[in-house]
Amino acid sequence: MRAMRPLFRGLHAAAAVVVTGGLLYAGARGVGPLPPLGNAFNPGTGVWTMAANSQLPHTETLAMNGLSKPVQVSFDAQGTAYIHAKTNRDLFIAMGYLHATFRLFQMDLLRRQGEGLLSQVVGKKAIASDTFEDQLGLQRTAEAEWKGMSRTDPARIALNDYTIGVNDVITQDEASGQLPALFKLLGYQPKKWTPIDSLVVQGDMTQTLDFTTGPLEYALLVKSLGYTKTMDWFPVLPQDTQQPYDLGPYRKESPAPIESQPSSVPAKVKQTTPQIQVTQAETKAVTRLTQVIDALPADAIHHGSNSNNWAVDGTKTASGLPMLAGDPHLSQTVPAIWYQVSADAPSYQFQGVSIPGLPLILIGRNNQIAWSLTNVQNQATDYYKETTNSTHPGSYEWNGHWHKMQQIHYEIPVKGGKAVPLTVNLTVHGPVMTQSGQTMSVDWMGALPSPDIDAMLQVIRAHNYHQFKQALKNWHAPTQNFIYADKAGNIGLISAGYYPIVKSGNPWLPLPGDGSADIIGTIPYNQVPQAYDPPSHILFTANQREVTNAYPYFIGTTMDFFDNGYRADEIHNDLIGHNKLTNADFAALQNDTHDYLASEIVPKLTQTLSSSHLTGTDAQAQQLLAHWNDRMDESSAGASIWWTFWTNYMKDTFGPWWAATHVPTNIDSNLALGPSQTALDEDLEAWTLANSPTQFTLPNGSPRTSQDVMTLAFHQTVSELSTTLGKDPGKWTWGRLHQRAFPSLAQIGVLGYGPRPSGGDLWTVDAADGGMTSTAGPSWRMIVNFGGQSEGVYPGGQSENPLSLWYENQIPAWWNGEYYPLTPSVDGTPLASWSFNP
Amino acid sequence: METSKWMWMVWLLVGIELAITWVGNHLGLWYVAFAISIANGFVLRRTITAMWASYIACIGGWGLALAWQALFAPIGRTATIVAGIMGLGSHGIIVIVLALLLPFLFATSGTWLAKALSRIARPPSSQADRLSD
């Protein structure tokens, strides 16, 4: 036994080494889903720093590298920052410093999303997203943009200065162990910021607003419904009048060249005979690609179409000076996409909202002009069916010759797993997105370098419409409706960006990649939709078609993805009907829950029902509708009946066709029947108002009238609501069906806000998008009054720290339709000031 | 050496170690707890003494630092948020317990490792075995 003692001691020591080594490893690297435990939980530099960092700023002097003169940053009680810089360079350094101080994790997440590096920190669940981004190539675009900037380019200089400010914070936080807690819990440190990262963040926004899947959906519909019915129900031009803001006259000119577009033999644009069939191989490719895109993070691609902006000149306002309003509708998250900031520097004086990662404001005002944006919704994404052949592996046929695809090799790093190799093939049209069945590439305007930052810097410095319009000449993507108002009394609107024109073919479907349907240019800048000081004294956009049906260029279809125009109708009616407008009037309109479509359809419905002998719950529900004010208020029972009715009405009308022709809603959720089908809303509206008896026969040929289907849908509605909300229609309030939620950007439940009952619907001015628990809507509400106070509010807070008082402090005001001043009051004392010395 | 004097020296040592652990953590050196426990295992002959010294230095170095911060910052709410992020619901207490369990484990394993290695280097006599164990 004694002889065995050394062995036991050895085993004992080995066990101690293994256990200690394991603990050290767990402390330094983490185990399984657990973060590095030592780094994450030690009381000095672990997650606990979140508590200390949640304290609001106090007045102090801080160090910041790179400054040439002292800079002062003041904060008001809501967290809005006011930068006072003596040089432009110092302004951008301070912008970077502020963004990184309050939103560093958000910035890192945004760049990772665009650079295809999410899997590196969250594991294999993000591989699909990373693959898609590497294919699409936001980083390639960003690198090309950066390479294309000269050393004296103001955008390049601003990006470099901004980067200094961001990296100041990263360096300081790393040295002091004060990085945001989510870095510690995910077990990584952010790499240093680069100007290309900023350009990738710009690409993220472009993708969200501009990358569309319309041709994929059309292909699936044509395969199911056939071409004729698809185009009848999802036509290029809408059934309803959408209050276009540019009424013409229009002039058709030759396409303007698109920068960086592959050279192609110019040809006369021609209409083609309709494509009747979608092949099996094409269907397979479209299906695969649709599945990939459907699996992307919710805000990677914006399917909705909800933003408003409007301006009125002095003849319509109480002050006699112009007013402007803007509320861009985006995915609503906490932290929000916006960071509010004001600045005063030699060349820049502005107030508005910026996106963390970008060195400027996108929406706001300077001392002379104000502007806001909505999405144009034009088709900026064309899909190409490449001709490939097994005898020419790795090649595609274009313009009668075989060309080698360019290949780019990636390795997607995966946390807790092996890196995934990825080869991206590039054709003359763009990246190949799938080779399942049919090789399909995508030509997306957002993939082309677009000097947006330079354009916005010029906008911020502009003092009149001429400068404003000139600044936006080089804005390529995402196409945006830039509304404008100035102190001098003018209003304007221009829909800047690229509108691709194809040589031939129907761009709403996947196009042949043989060279016959290539993009040959864009609508010339002078011919894009625009207006200046119109005789109506008002201008507005709400994602409706900007032009009348006489416009000589193709800009997109009803499905891809213009709004149905009901918000535009509402805004038009309100602005036309009022004079001596004030901030309160604009605020009321931005928060308006009046449903324009309901005001058209409900009288038809109640009229139809009046000929029926309704009893009991049906009769009560009818009475509620008859006395309803068409407002989607949280407390309204009529709102619940209307919305459920409209949903059923659509399903009853089109559902039999969807079932008979097997429309693949399981593959593409965007094809599911519901009020978000804007083209079908318009069809149904037209059918109901025109009272056409035969428009929507059943697949077996049986005719139906709109009254038949309305009556059926109404009874279904009452039955459905009785089951879900009880027998008393008076208690069927909209808030019991409909909620809003602001999920966390990192998709962590506990960090989100809501859900809570809410008013609004898809097409109220105060829009609520994303289903019965809406997660998209007004992401920022701004009112600029050149004769009074300018105001703004967004649903969130300035800090991404969930313990901070500024994490979600603006949500209550946003919810209640209240606003905060864009600039501090003259006698206002800042909450705190940071003084930075060089 | 007199027992009481020796005890004072052990307490002094533990106090210094606690301070080193505290400061180490604020420099991000969470593994200082290991190093101290290993040192205790080698320096303090009695295993029970070495263990207690390590526990006090490590758990104290972590726990007191947290308690001190809690006087000025919302440490409890931080724990609740972190629990939510980690999928533990709103049970912030689990995060606090985890934060204190770690120095306990570091102290235990560090001291154990030192004792195990020192026995290989210097096999104890039967008498010494009884005294130290």
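List the strands (runs of 3 or more DSSP E) that sit entirely inside segment A:320-401 and contain at least 2 residues that are surrounded by fewer than 21 Cβ atoms within 10 Å (Cβ to Cβ). Because the criterion is at least 2 residues that are surrounded by fewer than 21 Cβ atoms within 10 Å (Cβ to Cβ), the strands (runs of 3 or more DSSP E) in segment A:320-401 that meet it are A:395-398. Considering segment A:241-287, and only residues there that are of a type in the set (Asp, Glu) and at pLDDT 90 or above, the residue that is farthest from A:Val663 (Cα to Cα) turns out to be A:Glu253. In the set (1) farther than 22 Å from A:Thr557 by Cα; (2) surrounded by fewer than 23 Cβ atoms within 10 Å (Cβ to Cβ); (3) of a type in the set (Gly, Ala, Ser), the condition left unmet by A:Gly492 is number (2).
If only one of A:Gln435, A:Gln406 is over 30 Å from A:Ile363 (Cα atoms) and touching a Leu at 6+ places or on another chain (Cβ under 6 Å), which one is it? Break it down into steps so the answer makes sense when it comes.
Details: A:Gln435 fails: touching a Leu at 6+ places or on another chain (Cβ under 6 Å).
Only one candidate qualifies: A:Gln406.
Could you please find all residues in segment A:592-649 being in contact with a Leu (Cβ under 8 Å, 6 or more places away or on another chain) and more than 16 Å from A:Thr711 (Cα to Cα)? If the condition is that a residue be in contact with a Leu (Cβ under 8 Å, 6 or more places away or on another chain) and more than 16 Å from A:Thr711 (Cα to Cα), then A:Glu600, A:Ala637, A:Gly638, A:Ser640 are the ones that fit.
Scan segment A:9-45 residue by residue and report those that are facing another protein chain (nearest Cβ under 7 Å) and basic (Lys, Arg). Don't jump to the end; show me each part of the working.
Residues of segment A:9-45 that are facing another protein chain (nearest Cβ under 7 Å), as a first pass: A:9-10, A:12-13, A:16-17, A:19-20, A:23-24, A:27, A:37-39, A:41-45.
Matches in segment A:9-45: A:Arg9 only.
In segment A:25-35, is there at least one residue being on the phi < 0 side of the Ramachandran plot, part of a loop (DSSP other than H, G, I, E, B), crowded, with 22+ Cβ neighbours inside 10 Å and in contact with a strand residue (DSSP E or B) (Cβ under 6 Å, 6 or more places away or on another chain)? Taking every residue of segment A:25-35 in turn, none turns out to be on the phi < 0 side of the Ramachandran plot, part of a loop (DSSP other than H, G, I, E, B), crowded, with 22+ Cβ neighbours inside 10 Å and in contact with a strand residue (DSSP E or B) (Cβ under 6 Å, 6 or more places away or on another chain).
Quickly run through segment A:184-198 and pick out the residues that are at pLDDT 95 or above and not in a loop (DSSP other than H, G, I, E, B).
As a first pass, look at segment A:184-198 and keep what is at pLDDT 95 or above: A:190-198.
Hits for segment A:184-198 are A:Pro195, A:Ile196, A:Asp197, A:Ser198.
Among the residues in segment A:417-434, are any modelled with pLDDT under 95 and either farther than 30 Å from A:Tyr188 by Cβ or in a helix (DSSP H, G or I) (or both)? For segment A:417-434, residues modelled with pLDDT under 95 and either farther than 30 Å from A:Tyr188 by Cβ or in a helix (DSSP H, G or I) (or both): present. One residue stands out among those in segment B:57-97 that are within 8 Å of chain A (Cβ to nearest Cβ) and exposed (fewer than 15 other Cβ atoms within 10 Å of the Cβ): the one that is modelled with the highest pLDDT, which is B:Phe72. Remark: pairs (first residue in segment A:623-635, touching a residue at least 40 places away in the same chain (Cβ under 8 Å); second residue of a type in the set (Asp, Glu) and assigned to a loop (DSSP other than H, G, I, E, B); Cβ separation under 8 Å; 6+ apart in sequence or on different chains) = A:Arg631/A:Asp595; A:Met632/A:Asp595; A:Met632/A:Asp761. When segment A:517-539 is filtered for residues that are in a strand (DSSP E or B) and either surrounded by fewer than 24 Cβ atoms within 10 Å (Cβ to Cβ) or in contact with a Lys or Arg (Cβ under 9 Å, 6 or more places away or on another chain) (or both), the ones remaining, listed by number, are A:Ile519, A:Ile520, A:Gly521, A:Gln530, A:Ala531, A:Tyr532, A:Ile538. Of all residue pairs spaced 6 or more apart or on separate chains, those with beta-carbon atoms under 6 Å, a first member in segment A:330-351 that is free of Cβ contacts under 8 Å to residues at least 40 places away in the same chain and a second member that is of a type outside the set (Asp, Glu) and not in a strand (DSSP E or B) are A:Gln349/A:Asn366; A:Gln349/A:Asn367. A count restricted to segment A:761-803 and to residues that are within 14 Å of chain B (Cβ to nearest Cβ) and either under 17 Å from the mean Cα position of the chain (by Cα) or of a type in the set (S, T, N, Q) (or both) stands at 2.
Would it be correct to say that B:Arg46 is of a type in the set (Lys, Arg) and within 11 Å of another protein chain (Cβ to nearest Cβ)? Working first, answer last.
Working: of a type in the set (Lys, Arg): yes; within 11 Å of another protein chain (Cβ to nearest Cβ): no.
No: the conditions fail for B:Arg46.
Return the only residue of A:Asp728, A:Asp766 being among the charged types (D, E, K, R), in contact with a strand residue (DSSP E or B) (Cβ under 7 Å, 6 or more places away or on another chain) and farther than 25 Å from A:Leu182 by Cα.
On the way: A:Asp728 fails: in contact with a strand residue (DSSP E or B) (Cβ under 7 Å, 6 or more places away or on another chain).
The unique qualifying residue is A:Asp766.
Can you confirm whether A:Ser347 is touching a helix residue (DSSP H, G or I) at 6+ places or on another chain (Cβ under 8 Å) and of a type in the set (Ser, Thr, Tyr)? Even if it seems obvious, please write down each step before you answer.
Details: touching a helix residue (DSSP H, G or I) at 6+ places or on another chain (Cβ under 8 Å): yes; of a type in the set (Ser, Thr, Tyr): yes.
Judged against the criteria, A:Ser347 is a match.
Residue-level check: of (1) within 14 Å of chain B (Cβ to nearest Cβ); (2) buried (at least 22 other Cβ atoms within 10 Å of the Cβ), A:Gln178 misses just (2). Among strands (runs of 3 or more DSSP E) entirely within segment A:742-838, having at least 3 residues that are under 18 Å from A:Thr333 (Cα atoms) and at pLDDT 90 or above singles out A:753-757, A:776-778.
So which of A:Tyr553, A:Tyr532 is among the aromatic types (Phe, Trp, Tyr) and within 26 Å of the chain's Cα centre (by Cα)?
Values: A:Tyr532 fails: within 26 Å of the chain's Cα centre (by Cα).
When all the criteria are applied, what remains is A:Tyr553.
Hey, could you check segment B:18-45 for residues that are hydroxyl-bearing (Ser, Thr, Tyr) and assigned to a helix (DSSP H, G or I) and say which is nearest to B:Met7 (Cα to Cα)? It comes out as B:Ser37.
The values are calculated or read from the model by the stated rules, or taken from the named source; none is laboratory data. From a predicted model like this one, the values you see are computed outputs, not experimental measurements. Cβ atoms come from the backbone with ideal geometry, glycine included; neighbour counts cover every protein chain shown.
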